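Q: There's a structure below that I have some questions on.
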Amino acid sequence: MQRSANRMKTIYGLIFLLSLLLLSACATDTRSHHEISEIRINDDFIIVTTTAKDTPSSLAAEYLNDPSKEWVISEFNHIKTLTPGQKLIIPLFPFNKSGLKPGGYQTVPVLAYYSFSENKPNKVSITQGNFKAQMKYLKENNYHVITLDQLLDFLDYKEQIPEKSVVITFDDGWSSAYDFAFPILKEYGFPATFFIYTDFIGGGKAMSWKQIKELSEAGFDIQCQTKTHRNLATLKKKESFKEYFNSLEMEISYPKKLIEKKLNKECKCLAYPYGLTNNLVIAMLKKHGYRAAFTVDKKSNPFFIDKYKISEVTKVT
Amino acid sequence: MKKLFNIYLLLIVLFFFTGCTGVRGFLGTIADKLSKKPSTKEPGHTKALPASYYLEKALEYEKNDELQTALFYMQIAGTLNPDSTKIPEKIASLKSTIDHKARQHFTTGVEFCKKRRFKDARKQFLTTLRYAPNHKGALDYLKNRLHPKEYLNYKVKENDTLKDISKKFYKDSSKDFLIAYFNNLKTGEEPVSGTILELPLLGSEFNRPPINIPFELIKAENLLKEKRYREVLDVSEKILEYDRLNKKASDLKNVSCYQIGMELSRQEKYPEVMEMFKKVSPEYQGVEEAIQQATNKELFKAKNLLKQKQYEQVFAVAGKILDYDKSNKAAKDLINTSFCKQGKNLIIRKNYTEALNVLSRADPQYDCVKKTISDVYKAKKKQAEVHYLNGVKHFLNEELQSAIKEWEKALALNPEHKKAKININNARSLLEKLEKVK
């Protein structure tokens, strides 16, 4: 009996130790520590006290349901890193949609790339090495590459974007952009928009529809740069006004329908060939349901810019 | 011992089925029940986040003119310290400052827009939006009204056809298809009278003007060298009729209007000066100063007229200034001062009705106007009293008819004069009795 009692004691002791070991794994938890110091203010803010395990991304995931919105927390609190015990305010609404400050306002540069060359860059091409170096620069200097939709929401005064935001675009539809830029963009996780003129697609140095579909399925934005890349702003030699008007109608309506049919996604923006436009073109874009259009200029874009004259910064080499 | 074993077993089973969260929740519930702690999410119970810290932050932002951020922080401080009476007061005061500043900048922006100073207007609207991010008016100006339009609106008149409108607007009746296209009219469909059409603005390259624009530009430049400004204006306006966006023609028009305006200013022809300066782009260097100088001259003239008590002329001169600059305070002051002085003169002349007529044309917000109107009523009452006493004197001298006349005058000036009313009735009944006795 005595031996049996001793054996039971040993078994209980072992079970006790085992249960302690298992429960010790539950000693810490990523969410629990916030609940004890979390305060909600009118559904607009949450105040939390950070712990050693927190990062802006983890807090953004927890409170804003999107880890990529870590900049909202960093920018509101004017911080770059977290220290445990820090009191942070997490705003639950866009607190500065226009990026206005006492001394000025936020602007967004739109970088425009065209084709790529292996070694020497020329007027409209860039080498893969230079492109990679530029992407690296953006990453290392805390730039946020935003999508076209984010840019449009900013210009529509709907959504806030990070202070150091930038948009990447590719004009024309060169196959070299697919060959050289696509892998680098994937590597850095940067979104981008490809403006294509549809008559070019499938030609010698152009991307194929298969490649364009691949880009689209990978999350890249495909938008329009007319049908033939004609100068939309002026009449051709010996072209009558009526012929010009019919040509504009074709250049603006046809590629939109084609892109939407091929990719089953909305085509809502246009890049003007040579960056040139006029009132008639803009009026026609609006009639056909385009939401915005891009010129070529060296200006960066504030929220109040005319959405049919968004500037692309060109000659990025 | 067996009981203890059962608890261990329960914990282990719980762990396997629900993981750490379940165990933590289970233990937490027991712990909470044992300690009976209040909910940790109640702001009043936390000591980790002092309201004073957020209030200090709010004041710092307020000092830096970042009022919206200051308001955010103040609201946080208010939530953390719900018993404070000062914080709600500060929040109310800050909200009022924000409203006031936003309104002030928006009004200034609208004024700049009216003067076509669009860059200055944009600055004001941006500041408005910084103070009040949901200010719809400022946003509308920034996003829509400050951008050049691609269209002009045209209200269709009776018997207008698309070809007529096209001819009128584009100087080319064959562009009727363009109007139909942008206004969703079917082939052969004519617009209904009263409809507002949108007509896209076209550059000169799409209008074939009956004039040779490069030639006309050279002609205008040569005329400018010879200082023949009226002719420069005629030529540049002719070019702009066909090519609204021609920059050289706009520049020539600005120079010629400015020079003609300066000449008219020397001749002291104020309305003509202002008409000419209004044609000049507000961005043209020196035009704002020239307008100010011309206006100052007119104000000086009006002030002298006021000194000479020539009030009607003051109204004419200052009124013209207001025709061109509705918010000109100095001109408004002169007009209202004139009304007051006229009113005072009429009080001295005991012409109270006319005094009130004159003052009814003045701005009742002016202190001097308020005071003069009050003086008229005081003077009327005083004069009524004089007539009343005169009536009493006549009554005592048994001059009943004269007494009634005086009391009637008193009543006319002060209809509330009870004694005058009573005395008139008494005097009249006395007169009736006397008539019967006779």
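The values are calculated or read from the model by the stated rules, or taken from the named source; none is laboratory data. All values reported here derive from a predicted model rather than from experimental measurement. Every residue, glycine as well, gets a Cβ built from its backbone with ideal geometry; the counts of neighbours run over all protein chains shown.
Q: Assess whether A:Lys210 counts as being charged (D, E, K, R), over 26 Å from B:Glu205 (Cα atoms), assigned by TED's automatic domain parsing to the domain that holds A:Tyr113 and touching a residue at least 24 places away in the same chain (Cβ under 8 Å).
A: For A:Lys210, the condition - charged (D, E, K, R), over 26 Å from B:Glu205 (Cα atoms), assigned by TED's automatic domain parsing to the domain that holds A:Tyr113 and touching a residue at least 24 places away in the same chain (Cβ under 8 Å) - is not met.
Q: Oh, and also: Hey, can you tell me all the residues within region B:219-266 that are surrounded by 18 or more Cβ atoms within 10 Å (Cβ to Cβ) and not in a helix (DSSP H, G or I)?
A: Across region B:219-266, the qualifying residues are B:Asp243, B:Asn246.
Residue-wise test of (1) among the hydrophobic types (A, V, I, L, M, F, W, C); (2) in contact with a Leu (Cβ under 6 Å, 6 or more places away or on another chain); (3) in contact (Cβ under 8 Å) with a residue 24 or more places away in the chain.
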site: B:Leu139; (1), (2), (3): yes, no, no
site: B:Leu152; (1), (2), (3): yes, yes, yes
site: B:Lys155; (1), (2), (3): no, no, yes
site: B:Leu162; (1), (2), (3): yes, no, yes
site: B:Ile165; (1), (2), (3): yes, no, yes
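Q: Another question about this same structure. Can we say A:Glu260 is of a type outside the set (Ser, Thr, Tyr) and out of contact with any helix residue (DSSP H, G or I) (no Cβ under 9 Å at 6 or more places or on another chain)?
A: Yes.
Q: While we're here: Select from region B:199-218 the residues that are under 36 Å from the mean Cα position of the chain (by Cα) and either crowded, with 16+ Cβ neighbours inside 10 Å or over 26 Å from B:Tyr170 (Cβ atoms) (or both) and list them in ascending order.
A: Of everything in region B:199-218, those that are under 36 Å from the mean Cα position of the chain (by Cα) and either crowded, with 16+ Cβ neighbours inside 10 Å or over 26 Å from B:Tyr170 (Cβ atoms) (or both) turn out to be B:Leu199, B:Pro200, B:Leu201, B:Leu202.
Q: Further question: Please enumerate the residues belonging to region B:187-214 that are in contact with an Asp or Glu (Cβ under 8 Å, 6 or more places away or on another chain), within 14 Å of chain A (Cβ to nearest Cβ) and in a helix (DSSP H, G or I).
A: The one that is in contact with an Asp or Glu (Cβ under 8 Å, 6 or more places away or on another chain), within 14 Å of chain A (Cβ to nearest Cβ) and in a helix (DSSP H, G or I): B:Ser204.
Q: Going by the structure shown, is A:Lys256 of a type in the set (D, E, K, R), modelled with pLDDT of 95 or more and not in a helix (DSSP H, G or I)?
A: For A:Lys256, the condition - of a type in the set (D, E, K, R), modelled with pLDDT of 95 or more and not in a helix (DSSP H, G or I) - is not met.
Q: A further question on this structure: Examine region A:76-91 for a residue that is part of a helix (DSSP H, G or I), among the aromatic types (Phe, Trp, Tyr) and in the same structural domain as A:Ile305 (by TED's automatic domain parsing), and state whether such a residue exists.
A: no
Q: Just the residues that are within 13 Å of chain A (Cβ to nearest Cβ) and farther than 30 Å from B:Cys113 by Cβ, please, taken from region B:140-170.
A: B:Ser166
Q: Still on this structure, I have one more. Can you tell me which residue within region A:270-292, out of those that are away from chain B (no Cβ under 13 Å) and touching an Asp or Glu at 6+ places or on another chain (Cβ under 8 Å), is modelled with the highest pLDDT?
A: Among those residues, the one meeting the criterion is A:Ala271.
Q: Could you list all residues from region B:151-208 that are of a type in the set (Val, Ile, Thr) and in contact with a strand residue (DSSP E or B) (Cβ under 7 Å, 6 or more places away or on another chain)?
A: B:Val156, B:Ile165, B:Ile179, B:Ile196
Q: May I pose another question? Could you check B:Glu111 against (1) in a helix (DSSP H, G or I); (2) free of Cβ contacts under 8 Å to residues at least 60 places away in the same chain and say which number it fails?
A: Status for B:Glu111: all satisfied but (2).
Q: Please verify whether region B:369-386 includes one or more residues that are touching a helix residue (DSSP H, G or I) at 6+ places or on another chain (Cβ under 6 Å), at pLDDT below 95 and not in a helix (DSSP H, G or I).
A: Looking through region B:369-386, none of the residues is touching a helix residue (DSSP H, G or I) at 6+ places or on another chain (Cβ under 6 Å), at pLDDT below 95 and not in a helix (DSSP H, G or I).
Q: Continuing with the same structure: Condition first: surrounded by fewer than 22 Cβ atoms within 10 Å (Cβ to Cβ) and of a type outside the set (A, V, I, L, M, F, W, C). Now tell me which residues in region B:63-77 satisfy that.
A: B:Lys63, B:Asn64, B:Asp65, B:Glu66, B:Gln68, B:Thr69, B:Gln75
Q: B:Glu272 passes all but one of (1) under 33 Å from the mean Cα position of the chain (by Cα); (2) assigned to a helix (DSSP H, G or I); (3) within 28 Å of B:Asn212 (Cα to Cα); which number fails?
A: Among (1) under 33 Å from the mean Cα position of the chain (by Cα); (2) assigned to a helix (DSSP H, G or I); (3) within 28 Å of B:Asn212 (Cα to Cα), the lone unmet condition for B:Glu272 is (3).
Q: So, in region A:83-117, of the ones that are without any contact (Cβ under 8 Å) to a residue 40 or more places away in the chain and more than 25 Å from the chain's Cα centre (by Cα), which residue ends up farthest from the other protein chains (Cβ to nearest Cβ)?
A: A:Thr83
Q: Out of the residues in region B:167-179 that are surrounded by fewer than 19 Cβ atoms within 10 Å (Cβ to Cβ) and without any contact (Cβ under 8 Å) to a residue 60 or more places away in the chain, state the one that is nearest to the chain's Cα centre (by Cα).
A: Applying the filter and picking the extreme gives B:Lys168.
Q: Quick check on B:Gly194: is it under 30 Å from B:Ser93 (Cβ atoms) and of a type in the set (Gly, Ala, Ser)?
A: No; evaluated as a whole, the condition is false for this residue.
Q: Here's a follow-up. Return the residues of region B:114-139 that are within 14 Å of chain A (Cβ to nearest Cβ) and outside any helix (DSSP H, G or I); say none if nothing qualifies.
A: Result: B:Ala132, B:Pro133, B:Asn134, B:His135.
Q: Take B:Ala316 and tell me if it is within 25 Å of the chain's Cα centre (by Cα), loosely packed, with under 15 Cβ neighbours inside 10 Å and of a type in the set (A, V, I, L, M).
A: yes
Q: On the basis of being within 12 Å of another protein chain (Cβ to nearest Cβ), modelled with pLDDT of 90 or more, out of contact with any His (no Cβ under 6 Å at 6 or more places or on another chain) and under 26 Å from A:Leu276 (Cα atoms), does B:Phe177 make the cut?
A: Yes, satisfied.
Q: Looking at B:Phe106 and the list (1) within 19 Å of the chain's Cα centre (by Cα); (2) away from chain A (no Cβ under 14 Å); (3) of a type outside the set (Lys, Arg); (4) over 30 Å from B:Met274 (Cβ atoms), which single condition is not satisfied?
A: Condition (4) is where B:Phe106 drops out.
Q: Looking at A:Ala177, A:Ala233, which one is under 20 Å from A:Asp297 (Cβ atoms), in the same structural domain as A:Pro273 (by TED's automatic domain parsing) and surrounded by 16 or more Cβ atoms within 10 Å (Cβ to Cβ)?
A: Exactly one of A:Ala177, A:Ala233 is under 20 Å from A:Asp297 (Cβ atoms), in the same structural domain as A:Pro273 (by TED's automatic domain parsing) and surrounded by 16 or more Cβ atoms within 10 Å (Cβ to Cβ), namely A:Ala233.
Q: Still on this structure: Every residue in region B:389-401 that is more than 14 Å from B:Asn425 (Cα to Cα) and part of a helix (DSSP H, G or I), please.
A: B:Leu389, B:Asn390, B:Lys393, B:His394, B:Leu396
Q: Continuing with the same structure: Would region A:293-305 turn up any residue that is assigned to a loop (DSSP other than H, G, I, E, B), closer than 26 Å to A:Ile212 by Cα and within 14 Å of chain B (Cβ to nearest Cβ)?
A: no
Q: Mind listing just one residue for me: the one in region B:80-93 that is in a helix (DSSP H, G or I) and surrounded by fewer than 21 Cβ atoms within 10 Å (Cβ to Cβ) and, of those, nearest to the other protein chains (Cβ to nearest Cβ)?
A: B:Ile91
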